[in-house]
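Reading through the structure tokens given below for one structure.
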Amino acid sequence: MGKRKTDKIVFTNVDVLDAGAKGVSVAKAPDGKVIFIPNVVPGDVVDVQTFKKRKAYYEGKAVHFHEYSADRVIPQCQHFGACGGCKWQNMLYEKQLYYKNREVFNHLKRIGKVELPEFEPIKGSDKQFYYRNKMEFSFSNARWITEEESASGEEIDNRNALGFHIPRMWDKILDITHCHLQGDPSNMIRNAVRDFANEHNLEFFNPREHSGLLRTLMIRNTSIGELMVLIQFFDNNKEQREMLLDFLMEKFPGITSLQYVVNQKANDTLYDQNIKLYKGRDYILEEMEGLTFKINAKSFYQTNSEQAYELYSITRDFAGLTGNELVYDLYTGTGTIAQFVSRKAKKVVGVEAVPEAIADAKENAKRNNIDNCEFFVGDMKDVFNAEFINTHGHPDVIITDPPRDGMHKDVVEQILRIAPEKVVYVSCNSATQARDLALMDEMYKVTRVRPVDMFPQTHHVENVVLLEKR
Ligand SMILES: C[S@@+](CC[C@H](N)C(=O)[O-])C[C@H]1O[C@@H](n2cnc3c(N)ncnc32)[C@H](O)[C@@H]1O
């Protein structure tokens, strides 16, 4: 780790040059070093106060604007700036797409160093707000006090908050009154839960002492109007718990699935928890192109349903299936891509590490009357071996959609040994995708590339690449 210095320097009249990684913009200091500045847009001219100095760069904050960029828009959200969620809400959507596309291009070019076809135009999201189908909010009795609040000098007696973690501060929660990422009734439910808890003196979680009643709130909805609400409690207080859950059911009768968990572990992840059903059924249903998918509290499902459809359509198009192919869908999750392409394939084999996801995949396929998909559980690098190929057949096409780290090198090597005609590589991290493409470059040529924006107002971008055998 480099030595941290916190010298505060002010650089005046600095041109913001570029939108850099992680949604933070980039400028140059007079000494030639880079300055990373949040909440500004390329084209702004600002005075910057630095708060961190490293060997190669500064981190700073805009303290005065001389000029505003033509690419700016007024952020819709009142929480913009303090909340780390939508860092690009102050930038024109077309520009967001431009920077996302360029990041993918730069990664494939500089890290991958592979020959590239002309990119197909980045697929933007029709919905630029309220596009998420899942949100998780945290309770805390240590509310983040915004700069305006502390400047106002007003006394603050209620420190309870229900909202998002302040970036890099594990114990501070920004109280959210309106989030633009998930459509209603998400905001109504979160606010009603907070108000009810305050009125009835239900204790918000104390993150330092690990005490209190209320820990997290998860809300999931689907395009066919189904709704899941899950409250995570810390204290096991049946009376208070049921008071809150009964209130929710009465106030929001449209809830399809009301669940809860009592978790007294140090961390608040749900994956190893015994989730209890309170009312309704323990899953909700989503539909896509006539297929139905069951989503339970722990299931992975793409968080922007409409763009997931676009992503899968591009993936299927890139695969160019005729009906005769054996397709492997690696990192299949709940088997959504596998089922989405299955009508155009002879058979699809899906592989995934999480057993619950594979159980869902099998159940969904049955529900959808799909009989040409098979699903298998295991860590990809172990299960996807020569014996597996001997048993399940030699794929003509491999679709792969790994997590952010990309594919394990043994998995890449196995793909090269199998050498299918085509590989469709779907990725949420074009840097690791680029690394993997470089490993496959000798055998495969990149013939199509199309980024897809699943997450407007953030810097995240998905990318689909078609590799064809040379
Ligand atoms: C980006 S998600 C893709 C999910 C799916 N394609 C979809 O669109 O819903 C990546 C998936 O890889 C799985 N995964 C992560 N590491 C794995 C590994 N080592 N072996 C097998 N699957 C893994 C995760 O559980 C997750 O379901």
### Task
Please work out the FRET efficiency for the pair residue 150 and residue 92, using the Cβ-Cβ distance as r and a Förster radius of 25 Å; give the result to the nearest 0.05.
0.20
### Query
³J(HN,Hα) across segment 30-40 via Karplus (A = 6.51, B = -1.76, C = 1.60, θ = phi - 60°), whole Hz, x for Gly/Pro?
x, 7, x, 6, 6, 10, 9, 10, x, 6, 10
## Note on the structure
Taking only the alpha-carbon atoms of segment 134-288, the convex hull volume per residue, in cubic angstrom, is 128
### Task
Express in nm, to one decimal, how much length is gained between residue 8 and residue 277 on full extension, taking 0.36 nm for each residue of separation and deducting their alpha carbon distance.
91.6 nm
### Summary
Rounded to the nearest 500, the 222 nm mean residue ellipticity computed for the chain from DSSP H runs (n ≥ 4, each -39500 (n - 2.57)) alone is -7500 deg cm²/dmol
## Note on the structure
Cβ density ranking, 10 Å radius, fewest first, applied to 59, 149, 250 yields 250, 149, 59
#### Entry: Potential extension, residue 127-residue 21 segment - 0.36 nm per residue separation minus Cα distance
35.8 nm
#### Entry: R0 of 25 Å, Cβ-Cβ distance residue 119-residue 56: FRET efficiency to nearest 0.05
0.25
### Task
Compute the length gained on full extension between residue 159 and residue 309: take 0.36 nm times their separation in residues and subtract their Cα-Cα distance, giving the result in nm to one decimal.
49.9 nm
### Neighbourhood charge, 14 Å Cβ-Cβ cut-off, centred on residue 195 and excluding it, Lys, Arg +1 and Asp, Glu -1
+1
#### Entry: Ranked 436, 268, criterion: other C-beta atoms within 10 Å, fewest first
268, 436
### Summary
Correct semi-axes for the chain, from √(5λ) of the alpha-carbon gyration tensor and rounded to whole Å with the largest first, are 38, 33, 19
### Summary
Fewest-first ordering of 218, 169 by Cβ atoms within 10 Å yields 169, 218
### Task
First measure r as the distance between the Cβ atoms of residue 324 and residue 191, then evaluate 1/(1 + (r/R0)^6) with R0 = 35 Å and state the FRET efficiency to the nearest 0.05.
0.05
### Long-range HN-HN contacts of residue 144 with modeled amide H, under 5 Å
173, 174, 175
### Message
If I model a spin label at residue 438 and residue 470 as a point 7 Å from the Cα along the Cα→Cβ vector, what separation in nanometres do I get?
### Response
1.6
### Charge sum, other residues only, whose C-beta stays under 12 Å from residue 275's C-beta, Lys/Arg counted +1 and Asp/Glu -1
-1
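Every read-out reported here was derived from the displayed coordinates using simple, explicitly stated rules and does not represent laboratory data. Not measured: the values here are computed from a predicted model. Cβ atoms come from the backbone with ideal geometry, glycine included; neighbour counts cover every protein chain shown.
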